[in-house]
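K.L.:
The structure follows.
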């Protein structure tokens, strides 16, 4: 190929910078030609498609009422939570300033359906978890503990008098709930290894032991505590109210995930609770397992929301990040990563939607199906946030771009409500007929 020759005088007239042109004397004619082509290009900027993490139109499967719930929660999370949550995450503090507006939003969007876990259908409950976690997994966890676990325990296992006493104030967020199953030395082995004890006497019950990871506990008014009855060795549940003598709460420090969530270590030193505070519907760990299955389904939806948020923020960043003269979305390996993220998100959405549809059809959730959703979505979530963090390069560890927060929070969701390994073994037992737990 013949070399391209460009007259220096022409370059001088074009750039009107003689010194700059002379500085290019060591650059080949071909390279100068490419430079001129880049500078003189008249192409208009290409309009970018909207960022959409619902690539298969999963929301079209919702009723209009369900879509209204989705829109209401998304609007609140985008307008009120997203602008401030990063600062709270960095400080490890909970945004108490949001509680009045958060309560108002739930009343407006859900009406009286937040009165108990049975008042919201499986699909709506999943969409709520997804939309909260799409912006911040900590706000989802706050509601998941308060509504799904604490209010859910009272709704599922409480007497009518207990429901009248506590569910109304909790629905209005006048009283906040926490939930205590895990212990400092007992996590996955809670079914058989729970060491916190409950002893009945003529005055009621005496609880003694310790709990760990109790979300909301530093400011909660009510704690649903699970303990083993020393008389029959069965697990029972009790409502312990803040201020009860012997009930001690210490905030858990040093977390690298869900830093907005206020977790705590709880000590129960001969705590006395009346019989009226025992939830009569909990007679063994089988009852607790039924609630855990529902919670695992919600966590799978929340994982989906986190993956959606990570994908959206990664694509937004890549569209704006210019390297080598173009947005990095124009490079093959970046597109490969984005497509992998979107594929994971779409698979998680479709799996969770079907899980909730089956729960609505059957009137209950299958432990095995909930565990499969939790295990699979956990794997896909980890991969998705890791790809996003990588595509942001060094900026991927900065909170200002949000992907770092999704990346860290994913580690907590991966483990809570049943570790990946335990959920895998639950599914393995179901499909093989053989238990491999021990």
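K.L.:
Could you please give the count of residues in the stretch 195-206 that are in contact with a strand residue (DSSP E or B) (Cβ under 7 Å, 6 or more places away or on another chain) and in a strand (DSSP E or B)?
P.N.:
6
K.L.:
Let me ask you something else. Checking residue 109 against (1) without any contact (Cβ under 8 Å) to a residue 60 or more places away in the chain; (2) out of contact with any helix residue (DSSP H, G or I) (no Cβ under 8 Å at 6 or more places or on another chain), which test does it fail?
P.N.:
That leaves (2) as the condition not met.
K.L.:
Residue 344 - would you say it is farther than 23 Å from residue 144 by Cα, surrounded by 14 or more Cβ atoms within 10 Å (Cβ to Cβ) and in contact with a strand residue (DSSP E or B) (Cβ under 7 Å, 6 or more places away or on another chain)?
P.N.:
No.
K.L.:
Please report, ordered by residue number, the strands (runs of 3 or more DSSP E) entirely within the stretch 207-262 with at least 3 residues that are crowded, with 19+ Cβ neighbours inside 10 Å.
P.N.:
Filter on the stretch 207-262 gives 222-229, 235-241.
K.L.:
Answer with yes or no whether residue 166 is buried (at least 16 other Cβ atoms within 10 Å of the Cβ), over 23 Å from the mean Cα position of the chain (by Cα) and outside the structural domain of residue 252 (by TED's automatic domain parsing).
P.N.:
yes
K.L.:
Would you check which residues across the stretch 188-205 are more than 31 Å from the chain's Cα centre (by Cα) and surrounded by fewer than 19 Cβ atoms within 10 Å (Cβ to Cβ) and list them?
P.N.:
197, 199, 200, 201, 202, 203, 204
K.L.:
Separate question: Residues of the stretch 174-187 being in a loop (DSSP other than H, G, I, E, B) and surrounded by 14 or more Cβ atoms within 10 Å (Cβ to Cβ), which ones?
P.N.:
Of everything in the stretch 174-187, those that are in a loop (DSSP other than H, G, I, E, B) and surrounded by 14 or more Cβ atoms within 10 Å (Cβ to Cβ) turn out to be 175, 176, 181, 182, 184, 187.
K.L.:
Still on this structure, I have one more. For the stretch 377-413, which positions are free of Cβ contacts under 8 Å to residues at least 60 places away in the same chain and under 30 Å from residue 428 (Cα atoms)?
P.N.:
Result: 379, 382, 383, 386.
K.L.:
Go through (1) within 15 Å of residue 276 (Cβ to Cβ); (2) at pLDDT 95 or above; (3) more than 24 Å from the chain's Cα centre (by Cα) one by one and return the number of the condition residue 242 breaks.
P.N.:
All conditions are met except number (1).
The values are calculated or read from the model by the stated rules, or taken from the named source; none is laboratory data. Keep in mind that this is a model prediction, so the values were computed, not measured. Glycine also receives a Cβ, built like all others from the backbone with ideal geometry; neighbour counts cover every protein chain displayed.
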